[in-house]
Amino acid sequence: MGNDTVASVNIPENIIREIVTASVNAAVLASMKDPDKLISDIVRKAMSAKVDSQGKISDSYGAKWDWLEWNTQDMIRAAAKEALSEILVAQKELLKKAVMDEFNRPGRQKTVARAFSDAVEESFKCNWRFGCDIKFEQAEE
């Protein structure tokens, strides 16, 4: 047959979407022979993923901790920080007196004055340099 014809069939998009979704769901279920084991493996892998010092999943040399270990430590640090903050707020006046006593020690006054003068001196330094190049080129005739 020299005259091949192609028939055009218009199928509503929602029917195609339903068919594709059902096919994908069937393929996923078929690949999950043991859904409990699959979920368990995924959870284990997620909790044991290696993270860096910031808790970000990484394959680099700095990824020394399991995700679960790092997050547990992070939560402990957060709880300790909150508890310390509460203690220091409750003991604010005692803490303030101890800090003032430390500042008023004869040796400490020199240290504070030196740190202040060093900071002022450092702030006056300028790390910017201005550069300008001028080139003369012969004009084309």
Among Lys110, Lys45, the single one that is modelled with pLDDT under 85 and either of a type in the set (Lys, Arg) or assigned to a strand (DSSP E or B) (or both) is Lys110
Note on Phe136: of the conditions (1) within 30 Å of Ala46 (Cβ to Cβ); (2) of a type in the set (Phe, Trp, Tyr); (3) exposed (fewer than 10 other Cβ atoms within 10 Å of the Cβ), unmet is (1)
Taking the stretch 58-84 and keeping residues part of a helix (DSSP H, G or I) and of a type in the set (Lys, Arg) leaves Arg77, Lys81
In this structure, does Gln54 turn out to be within 17 Å of the chain's Cα centre (by Cα) and surrounded by 11 or more Cβ atoms within 10 Å (Cβ to Cβ)?
no
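The values are calculated or read from the model by the stated rules, or taken from the named source; none is laboratory data. Keep in mind the model is a prediction, meaning the values are calculated, not measured. Neighbour counts run over all protein chains shown; Cβ positions are idealised from the backbone, glycine included.
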